[in-house]
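To start, the structure itself, in structure tokens.
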Amino acid sequence: MHSLFPFGVLVGFGFIAHILCSVIPFPIPEAVIAMLLVFAALQTKIFPEEKLQRTGSFLLANLSICFLPAIVQLMSYADLLKDIWLPFLVVCILSTVVTFAVTAGTVSLTLRLMDKKGGKSS
Amino acid sequence: MTAWIDSPLFGVTLSILCFCVGQWIFQKTKSPLANPLVIAFILVVLFLQAFDISLETYQKGGDIISFFLLPATACLGLQVYRVWPLIKKAWLPILVGCTVGSLTAIGSTLLLCRMFGLTEAITQSLFPKSVTTAIAIEIATERGGIASITVGAVAVAGITGAMLSPFLVNVLKLKNKTAIGLAIGTSSHALGTTRAMEMGKEEGAMSAVALSASAVITVILSMFL
């Protein structure tokens, strides 16, 4: 049988993350803490990967629907954005594209430099 | 009719059906522009407008869908675990890439906002747009931004990453999976990461690592900038 247990564990980690989030004096997203907890549980074999496999793959495959209500909620800000929607969109899109390109470039360059260094020493 | 749709079941059903239509269209066309989330968004909004249903009524079900965001994002830990040896080897590019990327996200946003003459409140609302919503709101309000505008900006950044990253990979001729994953996660948080996961295991995991690292880095940077 496909047990409910892994889902319970995930929700439980979410709950622990929620508590930790309010205790830690530094703003770290709940989701990042929950992700770290899941990772730590897998790494220490407290929670074996096979047990999480099915539930995990299912949730990950459908993750993006969880953003739908938040995006629909945008409709209620239509008034706020009425006069600036075009520059607003241009800034968000352009900056995202630039960030993508610069990050990819930086990582590629770092990897190449590491390769060179590694190549020389060997 | 009003009494019927007043149940959370309405919002949940509408969301799932619209999302499934989106997934179906995406599978038929295979075009990244046919993003399931964007299609679902358009369908839900059209439906609500057509039948004159309030957002509050929809959100009764929407809240239930949103609830799953935390356990679902927690699963990204599984993704990271699956390629952990690769990540361990690449800690330096991850750190350098996410730091430079987060700086670029903030710098380019500030610069573009000034160029378009947007007000200070709007500029500060857009400041943290590349990180995940909860943390972005915290940073923005701290700086005198408007939370609801931040939510919008975060969504646009995420959708941009999800829709455009395959094109950017082609245009920039990127081959390295580490670079692709880190670029997606740094520029467009969890929403972009959903797209990275479709590209491959490694891209998805790198993107998950990048979204975590850049959230923390952006929080630190926002204290000094």
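The values are calculated or read from the model by the stated rules, or taken from the named source; none is laboratory data. Just so it is clear, the model here is predicted, and its values are computed rather than measured. Cβ placement follows ideal geometry from the backbone for every residue including glycine, while neighbour counts extend to all protein chains displayed. Each accessible area value is taken on the protein alone, full model and side chains, heavy atoms only, with ligands, DNA and RNA left out. Shrake-Rupley method; radii C 1.70, N 1.55, O 1.52, S 1.80 Å.
Of all residues in the stretch B:96-131, those being in a helix (DSSP H, G or I) and at the interface with chain A (Cβ under 7 Å from one of its Cβ atoms) number 12. All conditions but one from (1) within 20 Å of the chain's Cα centre (by Cα); (2) assigned to a helix (DSSP H, G or I); (3) surrounded by fewer than 19 Cβ atoms within 10 Å (Cβ to Cβ) apply to residue B:56; the one that does not is (1).
For residue B:175, are the conditions met, namely being open to solvent by 50 Å² or more (accessible area, probe 1.4 Å) and not in a helix (DSSP H, G or I)? Spelling it out, residue B:175 is indeed open to solvent by 50 Å² or more (accessible area, probe 1.4 Å) and not in a helix (DSSP H, G or I).
Residue B:168: assigned to a helix (DSSP H, G or I), open to solvent by less than 10 Å² (accessible area, probe 1.4 Å) and not acidic (Asp, Glu), yes or no? Spell out how you get there, then give the answer.
Working: assigned to a helix (DSSP H, G or I): yes; open to solvent by less than 10 Å² (accessible area, probe 1.4 Å): no; not acidic (Asp, Glu): yes.
No; evaluated as a whole, the condition is false for this residue.
On inspection, residue B:15 qualifies as polar (S, T, N, Q) and open to solvent by less than 20 Å² (accessible area, probe 1.4 Å).
Residue-level check: of (1) at the interface with chain B (Cβ under 7 Å from one of its Cβ atoms); (2) surrounded by fewer than 21 Cβ atoms within 10 Å (Cβ to Cβ), residue A:64 misses just (2). The lone criterion from (1) more than 7 Å from chain A (Cβ to nearest Cβ); (2) open to solvent by 40 Å² or more (accessible area, probe 1.4 Å); (3) in contact (Cβ under 8 Å) with a residue 12 or more places away in the chain left unmet by residue B:220 is number (3). If you go through the stretch B:136-154 and keep only what is at the interface with chain A (Cβ under 7 Å from one of its Cβ atoms), crowded, with 24+ Cβ neighbours inside 10 Å and either basic (Lys, Arg) or within 17 Å of residue B:214 (Cα to Cα) (or both), you end up with just B:153.
Filtered by the rule that a residue be of a type in the set (Val, Ile, Thr) and more than 8 Å from chain B (Cβ to nearest Cβ), the stretch A:1-54 gives A:9, A:16, A:19, A:23, A:24, A:33, A:44, A:46. Quick one: would you say residue A:106 is within 7 Å of chain B (Cβ to nearest Cβ) and surrounded by 14 or more Cβ atoms within 10 Å (Cβ to Cβ)? Yes: the conditions hold for residue A:106. Assess whether residue A:79 counts as being farther than 26 Å from residue B:168 by Cα, more than 7 Å from chain B (Cβ to nearest Cβ) and not in a helix (DSSP H, G or I). Against the criterion (farther than 26 Å from residue B:168 by Cα, more than 7 Å from chain B (Cβ to nearest Cβ) and not in a helix (DSSP H, G or I)), residue A:79 does not qualify. Of the candidates B:60, B:89, the single residue that is of a type in the set (Lys, Arg), more than 9 Å from chain A (Cβ to nearest Cβ) and over 26 Å from residue A:63 (Cα atoms) is B:89.
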